[in-house]
Amino acid sequence: MNVFYAGAGYQIEPNQKVTLAVYREQDNRYSGENVAIMVTGQYVLQLSKRTSLYGIVSEVNNGSRTYITVTDNANIFVSSASNAGSTPKAGDNQLGLMLGIIHQF
């Protein structure tokens, strides 16, 4: 299994940041289309010292033998059975959006 990734972040304003990352996974156990590529973008708006809003959008393009999910970026882009119900079939692509608020106590 080969995993490569690159990412960059940019501070737009003191309270705003964007991040972009690209992940590529190749499973050497199979021949053929065994590569998955995921692109993830994140935006964070800090409302105060302890509260921020965030948005994350991810898209994964699977080869005919891979079934990576958009939630795998939290697991360093490695397939996991813990994503039961959200795992696409081999060769299917997936798009995900997450919006939220973080408050640190």
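Here is a list: 60, 35, 22. Which entry is touching a helix residue (DSSP H, G or I) at 6+ places or on another chain (Cβ under 8 Å), farther than 29 Å from residue 103 by Cβ, without any contact (Cβ under 8 Å) to a residue 40 or more places away in the chain and among the hydrophobic types (A, V, I, L, M, F, W, C)?
Working: 35 fails: touching a helix residue (DSSP H, G or I) at 6+ places or on another chain (Cβ under 8 Å); 22 fails: touching a helix residue (DSSP H, G or I) at 6+ places or on another chain (Cβ under 8 Å).
From the options 60, 35, 22, the qualifying one is 60.
Could you list, in sequence order, all residues of the stretch 19-61 that are surrounded by fewer than 17 Cβ atoms within 10 Å (Cβ to Cβ), charged (D, E, K, R) and part of a strand (DSSP E or B)?
24, 59
Being closer than 20 Å to residue 8 by Cα, at pLDDT below 90 and surrounded by 12 or more Cβ atoms within 10 Å (Cβ to Cβ): is that true of residue 93 here?
Details: closer than 20 Å to residue 8 by Cα: no; at pLDDT below 90: yes; surrounded by 12 or more Cβ atoms within 10 Å (Cβ to Cβ): yes.
No; evaluated as a whole, the condition is false for this residue.
Determine, yes or no, whether residue 67 is under 18 Å from the mean Cα position of the chain (by Cα), modelled with pLDDT of 85 or more and hydroxyl-bearing (Ser, Thr, Tyr).
Working: under 18 Å from the mean Cα position of the chain (by Cα): yes; modelled with pLDDT of 85 or more: no; hydroxyl-bearing (Ser, Thr, Tyr): yes.
Against the criterion (under 18 Å from the mean Cα position of the chain (by Cα), modelled with pLDDT of 85 or more and hydroxyl-bearing (Ser, Thr, Tyr)), residue 67 does not qualify.
Filtering the stretch 5-41 down to residues that are modelled with pLDDT under 95 and of a type in the set (Phe, Trp, Tyr), which residue is nearest to residue 94 (Cα to Cα)?
The extreme case among them is 23.
Has the stretch 42-51 got at least one residue that is touching a residue at least 40 places away in the same chain (Cβ under 8 Å) and basic (Lys, Arg)? Explain how you work it out, then say what you get.
Within the stretch 42-51, the first condition is being touching a residue at least 40 places away in the same chain (Cβ under 8 Å), and the residues that meet it are 50-51.
This time we only want the ones that are basic (Lys, Arg), so: 50.
Within the stretch 42-51 (the criterion being touching a residue at least 40 places away in the same chain (Cβ under 8 Å) and basic (Lys, Arg)), the answer is yes, since at least one residue qualifies.
Residue check, residue 64 against (1) surrounded by 14 or more Cβ atoms within 10 Å (Cβ to Cβ); (2) closer than 17 Å to residue 87 by Cα, all met but one. Which one?
(1)
The values are calculated or read from the model by the stated rules, or taken from the named source; none is laboratory data. Only a predicted model underlies this, so the values are computations on that prediction, with no experimental measurement involved. Because the Cβ atoms are built from the backbone with ideal geometry, glycine has one as well, and the counts that use them run over all protein chains shown.
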